[in-house]
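Quick notes on the structure that follows.
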Amino acid sequence: MILALTIALLIGSAVYLIQQRGLVHIVLGMMAFGHGANLMLLATGVYSYRGESFPSQVGMDQMADPLPQAFVLTAVVISMATSTILLTMAAMGANDDTDVVEPVDDNTIDHAFSTLGRDTQNREILERSANKMDRLKELEQEEDN
């Protein structure tokens, strides 16, 4: 009963976290979902102690089922890969989730890891620095005159 409640708690919290807006919540939700799935796969086999699968000194009726263990091993690798991909996306930055209105004609991005919101912010920074450089050049020309 405790195992079933733990699985329900993990899957329920995972569904709640995945429906949240923040990428960190989604990453944590996917990790909780992976743990819940692993426990559910282990629960399909008898989770009480049994003898090892191969080679075994016990009879076939007391031997552990190796199939759920193989499924859990595969699920661990898949959840690790999913977490790695989501954490990589989270490392790209917080500027990916913006409310910038997309331009009609100029919908190009600067490079492969860029988004429209990040490009808009970068363009604003470039414009500000260009304006400062223009002001510095004007001041230098005034000092020369």
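The heavy atoms of residue 135 offer some 140 square angstrom of accessible surface to a 1.4 angstrom probe. Computed FRET efficiency, Cβ-Cβ of residue 20 and residue 130, R0 35 Å: what is it to the nearest 0.05? Efficiency at R0 = 35 Å is approximately 0.35. A full extension of the chain between residue 84 and residue 1 corresponds to an added length of 26.6 nm, given 0.36 nm per residue minus the alpha carbon distance.
Phi-derived couplings, Karplus 6.51 cos²θ - 1.76 cosθ + 1.60 at θ = phi - 60°, listed residue by residue for segment 2-11: 5, 5, 5, 5, 5, 5, 5, 5, 5, 5 Hz, with x used for Gly and Pro.
The values are calculated or read from the model by the stated rules, or taken from the named source; none is laboratory data. Because the structure is a prediction, the values reported are computed rather than measured. Counting neighbours? That spans all protein chains shown, and the Cβs are built from the backbone with ideal geometry, glycine included. The protein model used for the area step is the full one, side chains on, heavy atoms only, and it has no ligands, DNA or RNA in it. Shrake-Rupley method; radii C 1.70, N 1.55, O 1.52, S 1.80 Å.
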